[in-house]
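Structure first, commentary second.
The values are calculated or read from the model by the stated rules, or taken from the named source; none is laboratory data. On a predicted model such as this, the values are computed, not experimentally measured, just so you know. We place every Cβ from the backbone using ideal geometry, glycine too, and count neighbours over all the protein chains shown.
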Amino acid sequence: MIGSLVAEVLVGDRFEILREVGRGARSIVYLANDRRDDRHVALKLARSDRDHAPRPPVAGSAFAGERICLIREYLAEGVQAILVLDYIPGTDLGRRVSEGGPLPPQQVAEIGLTAAVTLAAAHRHGVLHGNLTPRNVLLDTEGLPWLSDLGTRPSGPAFVAPEVRGGQQADARADIYALGLVLHVALTGRLPAVPAPFRADGHRPSLLRPDLPAWLDDVIATATAALPADRFGSAALMGERFRRRGVAGR
């Protein structure tokens, strides 16, 4: 069970809670004012037990200019942890889909391109996302995506690649698999109907939405192939597939 905070509470003698902005099964996110720097930040209250403790914050200097919502600080509060993150005004992809339904294919393609380019930047620095879900794709006020919770442990098994579920070490292709599933959810409003056993040739959102462009269906199927060797070899290559179709983005 995660405790909660209320408005005007001061955390760490520094962060003034303004309001709750998001809630998941294992975490609650608040908008807060950092009194030291006089700026808005996001505080994520999460479990800090052995199984779900977040990994150390990722160094921000390596990702300057990237669309990554970074964990800036980590505050331990007993059995809970408080993560201090950049605040991105807007919503997250999971909430956007649950409240507004599936997105247009062009918008999903633009999200896919930007997310793939952002993942590629992280991978170049040797950092895996590790916990990519629709809730961790933030959409700013212009609808542009930012990736959050970079370098944290998976919050559940739904978006975990099959080889990782089987005990293998995750690599960049596990993030590619997760991104493919995230885009599947954005297009259809749900995960594949039968997520396990995993489809050898990947999951096709066209099974739920026949009007999709064939090339976009192929991109997601390739990203979610059961074997890592059958997926895109890198996030950069996945991004290039979007660009070859004239998708605009970063």
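If you scan region 14-28, which residues turn out to be touching a residue at least 40 places away in the same chain (Cβ under 8 Å) and under 13 Å from Pro89 (Cα atoms)?
Hit for region 14-28 is Gly22, nothing else.
Right, Ile111: in contact with a strand residue (DSSP E or B) (Cβ under 9 Å, 6 or more places away or on another chain) and assigned to a helix (DSSP H, G or I) or not?
yes
Per-residue answers, yes or no, for (1) within 20 Å of Val137 (Cβ to Cβ); (2) modelled with pLDDT of 95 or more:
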| residue | (1), (2) |
| --- | --- |
| Val185 | yes, yes |
| Arg199 | no, no |
| Leu208 | yes, no |
| Asp211 | no, no |
| Ala214 | no, yes |
| Asp218 | no, yes |
| Ala229 | no, yes |
| Ser234 | yes, yes |
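Please state which one of Leu187, Leu216 is outside any loop (DSSP other than H, G, I, E, B), in contact with a Leu (Cβ under 9 Å, 6 or more places away or on another chain) and over 21 Å from Glu99 (Cα atoms).
That would be Leu216, the only listed residue that is outside any loop (DSSP other than H, G, I, E, B), in contact with a Leu (Cβ under 9 Å, 6 or more places away or on another chain) and over 21 Å from Glu99 (Cα atoms).
Count, please, the residues in region 3-22 that happen to be closer than 15 Å to Ala46 by Cβ and modelled with pLDDT under 90.
Total satisfying the criteria: 6.
Scan Leu10, Leu43 and give me the residue that is touching a residue at least 40 places away in the same chain (Cβ under 8 Å) and not charged (D, E, K, R).
Testing whether each residue is touching a residue at least 40 places away in the same chain (Cβ under 8 Å) and not charged (D, E, K, R) leaves just Leu43.
Is there any pair with a first residue in region 218-231 that is touching a residue at least 40 places away in the same chain (Cβ under 8 Å) and a second that is part of a helix (DSSP H, G or I) and among the small types (Gly, Ala, Ser) whose Cβ atoms are under 6 Å apart and which are 6 or more apart or on different chains, and what are they?
Ile220/Gly180; Ala223/Gly180; Thr224/Gly180; Arg231/Ala223
Within the group Arg124, Arg204, which residue is basic (Lys, Arg), assigned by TED's automatic domain parsing to the domain that holds Phe232 and farther than 23 Å from Gly65 by Cβ? Steps first, please.
Values: Arg124 fails: farther than 23 Å from Gly65 by Cβ.
Exactly one residue qualifies, and that residue is Arg204.
Name the residues in region 45-62 that are over 19 Å from Val21 (Cα atoms) and either at pLDDT 80 or above or out of contact with any Ser or Thr (no Cβ under 9 Å at 6 or more places or on another chain) (or both), would you?
Ser48, Asp49, Arg50, Asp51, Ala53, Pro56, Pro57, Val58, Ala59, Gly60, Ser61, Ala62
Answer with yes or no whether Gly143 is crowded, with 19+ Cβ neighbours inside 10 Å and modelled with pLDDT under 95.
When the stated conditions are applied, Gly143 does not pass them.
Which of (1) within 16 Å of the chain's Cα centre (by Cα); (2) polar (S, T, N, Q); (3) surrounded by fewer than 23 Cβ atoms within 10 Å (Cβ to Cβ) does Ser148 not meet, given it meets every other one?
For Ser148, the exception is condition (3).
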